[in-house]
1. Is it the case that Ile27 is among the β-branched types (Val, Ile, Thr), modelled with pLDDT under 95 and surrounded by 15 or more Cβ atoms within 10 Å (Cβ to Cβ)?
2. Any residue that is within 30 Å of Thr127 (Cα to Cα) and either part of a helix (DSSP H, G or I) or polar (S, T, N, Q) (or both) - is there at least one of those in region 196-208?
3. Please find, within region 75-91, the residue that is least open to solvent (accessible area, probe 1.4 Å) out of those that are more than 17 Å from Phe65 (Cβ to Cβ) and of a type in the set (D, E, K, R).
4. Return the total of residues in region 374-413 being closer than 24 Å to Glu351 by Cα, of a type in the set (Gly, Ala, Ser) and free of Cβ contacts under 8 Å to residues at least 24 places away in the same chain.
5. State the number of residues belonging to region 61-74 that are free of Cβ contacts under 8 Å to residues at least 12 places away in the same chain and open to solvent by 60 Å² or more (accessible area, probe 1.4 Å).
6. Quickly run through region 239-268 and pick out the residues that are under 10 Å from the mean Cα position of the chain (by Cα) and either under 14 Å from Met178 (Cα atoms) or not aromatic (Phe, Trp, Tyr) (or both).
7. Exactly one of these conditions fails for Ile164: (1) outside any helix (DSSP H, G or I); (2) open to solvent by less than 10 Å² (accessible area, probe 1.4 Å); (3) closer than 30 Å to Ile37 by Cα; (4) not polar (S, T, N, Q). Give me its number.
8. Out of region 173-190, which residues are of a type outside the set (A, V, I, L, M, F, W, C), assigned to a helix (DSSP H, G or I) and either within 18 Å of the chain's Cα centre (by Cα) or surrounded by fewer than 15 Cβ atoms within 10 Å (Cβ to Cβ) (or both)?
Amino acid sequence: MKAEQFIENEALWQQLAQELLEKQYTIDKEGNYPASIRTTSFALDAFVLTEVLCHYQQFTLLDVFRQELDFETQRYCLSRFTQKHKSFTYLPLLRYYAINLRKYGANFESLTVEELLRTIKELDAETYNNLIKIGSGDLPINKQRAETDLIYCYANDVLATILIHIKEETEEAYREAMLYLNALLEEDFPKSYSIFYEGESDLVLPIERLPVTPSHHFFAKVLSYPNLHAALVEYSYKAMAEYHFYGDVADEEAAMPSTFAVFGLGLYDKSYSKLIIDYMEICDADHSPPTEYFAKAYVERWGLTPETLPIFAYIVATVPTVPYEPFFEQAMNTDENLQWLEKYMTTPFIELCPVISPEQNERMEEYKDMDVASLLYTCFAIVHLNDFTNPKFMRILSPYRERFEEILKVLMS
């Protein structure tokens, strides 16, 4: 059925609404896109359903089908509908779309959110001011705002901002700040957000070219308290989200939420290997230069050994390019490390790196030839793997060089 039939016939809509609210429907996601919905009396697709729900501004049902289907389907329909209906009548829908796009949309959708807010401001200044000052109103009061003798924290889910004001520079103050932050991320808070840190710390991580921002200063300070490292790990896993970035980091240096916590912990102790791998698995490294900077810092901190090589190899495999550095070659070109490299070429990665999951190992094995090529480029500046007389390839110690030649012929075939 078409959306117009429900929009023009109130009785049809009332019947559809009743069946939806009573959950008298099934969803077929296996057929053609978009998914189809069949109620007791009607059959329609997800686009038609969403358009009807937008027209009647049925936010409860919109939430249900956002979860039942996916936000992308709803985003497409909301975008088309609100473009055509920028009027006071649909102000609640514009507000709904702005809030949900901030929460569930990709990082780049922030521009659309700003456009929606401008439209809302033109239609009703009071609604706009409430969104700017308070946010959606969906956050529990104790997670929107927290104040003690040591901290003052405030979050706005429409602006995607988190203020962390440290009143007293003590470990306990930063513990309270981390408790607040971790509790906040248990809510439906936007995955991309800015942290406004008001504290005295100007600490930074020992990573060349890493963007220096308020969030960087904050997490570097928290890292200085070993008792708070468990809270940093908790935060990292709650904050990681593909295609999302800190708003206080410039777009060209995009850093996924958790970046500074993960990098700091990874340079503090080698026991955080799994955390690094899980971060790299989720991070959109194609658009996040800091991952490249971390690769170099990791080797500078820990060197290359059979213990650290699995982590370094995983980083190199997930980053578009980690540029060749002479010190990478010097560190790799030892008997012990070349023996490891041979195993890397010929055995399942999980045997060398037991902390990875079977799914992560499957990805590494699927792209083994590309991953080996990336590592050889990073460590030896080798570009053409079939040119075994190239001076760069010839710098690999013998007899490993000869064995690598035979392995690569098979691997690259």
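The values are calculated or read from the model by the stated rules, or taken from the named source; none is laboratory data. A quick note: this is a predicted structure, and the numbers were derived from the prediction, not measured. We place every Cβ from the backbone using ideal geometry, glycine too, and count neighbours over all the protein chains shown. These area figures cover heavy atoms from the full protein model, side chains too; ligands, DNA and RNA do not enter into them. Shrake-Rupley method; radii C 1.70, N 1.55, O 1.52, S 1.80 Å.
1. Taking the combined requirement at face value, the residue does not satisfy it.
2. No; the residues of region 196-208 include none that is within 30 Å of Thr127 (Cα to Cα) and either part of a helix (DSSP H, G or I) or polar (S, T, N, Q) (or both).
3. Lys86
4. Total meeting the criteria: 1.
5. 3
6. Answer for region 239-268, where residues must be under 10 Å from the mean Cα position of the chain (by Cα) and either under 14 Å from Met178 (Cα atoms) or not aromatic (Phe, Trp, Tyr) (or both): Ala239, Met240, Ala241, Glu242, His244, Ala255, Met256, Pro257, Ser258, Thr259.
7. (3)
8. Passing the criteria: only Asn182.
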